[in-house]
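Notes follow once the structure below has been shown.
The values are calculated or read from the model by the stated rules, or taken from the named source; none is laboratory data. Keep in mind that what you see is a predicted model, and the values were worked out from it rather than measured. Don't worry about glycine lacking a Cβ; one is built from the backbone with ideal geometry, like all the others, and counts go over all protein chains shown.
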Amino acid sequence: MIYYIFLALLFLYGIIIGSFLNVCIYRIPNRENIVTTRSHCMRCGYQLKWYDLVPIFSWIFLRGRCRQCKEKISVQYPIIEAINGILFVLTFLFCGWELLSVLYCLLASALLVISVIDWRTYQIPFGINVFILVLGLCSLPLSSGAVATHLIGFCAVSGFLLLIYLLTKGKGIGGGDIKLMATAGLLLGWKLIILAFFFGCLYGSVIHLIRMKVSKTGHVLAMGPYLSAGILTAVWFGDRIISWYLTVSGL
Ligand SMILES: [Zn+2]
C-alpha cells in the first residue's frame, strides 16, 4: 500500500515540476526570465491565479481555454506535465529507490526540455547543459569511489564528437550536442554514455529516415531528442543491457 502512495507522490512531484518545465520550454528560446515573471495568458495578459496553475487539472477544468479571454491554451501544457510525471515514476521503478534516482529524475526533466526546444529551434540551451553538469558533479560523491569512470565519461563521447565538429568545420554536429554528451557523460560514466550514444544514433537514423520518407522533411536533423532518448535508455536499462551483452558474448 505504502509503495503505491510513494508512486502517486512521485507522479505528483513529476507533474508539478512538469509545469515548471513548460515555463522553461516557452520562455528560454525567447530569452524571457523563467523565475520572476508571473505566468500570464499570451493573448490578454491575464495573470494566472494559483488555482489556474494546478498541473493537468486546471487545463482539463478550463477545457483548454484562458479563464478571461477564452483563448485556446496549448495541449502541450498538460502533455508535458503528464510525461514528466510518468518519467519520474518509471525512473524510480527501473533504477531503484535510491538517491541517485533523484538525480536521474531531474536529468529526465532536463532532457524533456532539451528535446522540445531542440526539435523546434535546433538549439540546445546552454543553461540546461549547465544544469546537467551540476547533476553530474552531485553524482560524484554517490559514485562509491569510481570518480574516474565519470571523468572519462565526460570526454568519452564528447571528445569523439568534438573531433567530428572540427573535421567538418561545425557542419557535422552541433556544439550543444557535444556539451550534452559531455555533461550527461559525467553523470552516467563512460560505459553508459557510450551506450547512450549508440542508442541515440540508432533512434536518430531510423526515425529520421522514416520522417524524411513520410513527411518529406529536410535533411536538417535535430539530434537533441534522439540523444536524449538514448541517454534515458542507458539510464533505465543500461546496466542490464551491458551485463546481458557480456553474458551472450562470453566475456
Ligand atoms: Zn487570455
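Conditions: (1) more than 15 Å from the ligand (Cβ to nearest atom); (2) crowded, with 16+ Cβ neighbours inside 10 Å. Y77 meets all but one. Number of the miss?
(1)
Given the options C66, C105, name the one that is more than 16 Å from the ligand (Cβ to nearest atom) and surrounded by 14 or more Cβ atoms within 10 Å (Cβ to Cβ).
Matching residue, one of C66, C105: C105.
Determine, yes or no, whether A148 is of a type in the set (G, A, S) and assigned by TED's automatic domain parsing to the domain that holds T183.
yes
Just give me the residues in segment 158-189 being in contact with a Leu (Cβ under 9 Å, 6 or more places away or on another chain), in contact (Cβ under 8 Å) with a residue 24 or more places away in the chain and part of a helix (DSSP H, G or I), in sequence order.
Matches in segment 158-189: S158, D177, K179, L180, M181, A182, T183, A184, G185, L186, L187, L188.
Of everything in segment 190-218, what is in contact with a helix residue (DSSP H, G or I) (Cβ under 9 Å, 6 or more places away or on another chain) and among the charged types (D, E, K, R)? Give them in sequence order.
K191, the sole residue that qualifies.
In segment 78-118, how many are in a helix (DSSP H, G or I) and acidic (D, E)?
Selection size over segment 78-118: 2.
Of a type in the set (K, R), part of a helix (DSSP H, G or I), over 17 Å from the mean Cα position of the chain (by Cα) and under 22 Å from Q123 (Cβ atoms): is that true of R240 in this structure?
For R240, the condition - of a type in the set (K, R), part of a helix (DSSP H, G or I), over 17 Å from the mean Cα position of the chain (by Cα) and under 22 Å from Q123 (Cβ atoms) - is not met.
Does segment 21-58 hold any residues that are free of Cβ contacts under 8 Å to residues at least 12 places away in the same chain, away from the ligand (no atom under 16 Å from the Cβ) and in a helix (DSSP H, G or I), and which are they?
R27, N30, W50, F57
Which condition does L53 not pass, out of (1) within 30 Å of L99 (Cβ to Cβ); (2) at pLDDT 90 or above, if it passes all the others?
(2)
Looking at S115, is it surrounded by 14 or more Cβ atoms within 10 Å (Cβ to Cβ), in contact with a Gly (Cβ under 9 Å, 6 or more places away or on another chain) and within 27 Å of V220 (Cα to Cα)?
yes
Mind checking which residues of segment 24-48 are out of contact with any strand residue (DSSP E or B) (no Cβ under 7 Å at 6 or more places or on another chain), over 21 Å from Y122 (Cα atoms) and either surrounded by 11 or more Cβ atoms within 10 Å (Cβ to Cβ) or among the hydroxyl-bearing types (S, T, Y) (or both)?
T36, T37, S39, C41, M42, R43, C44, listed by residue number.
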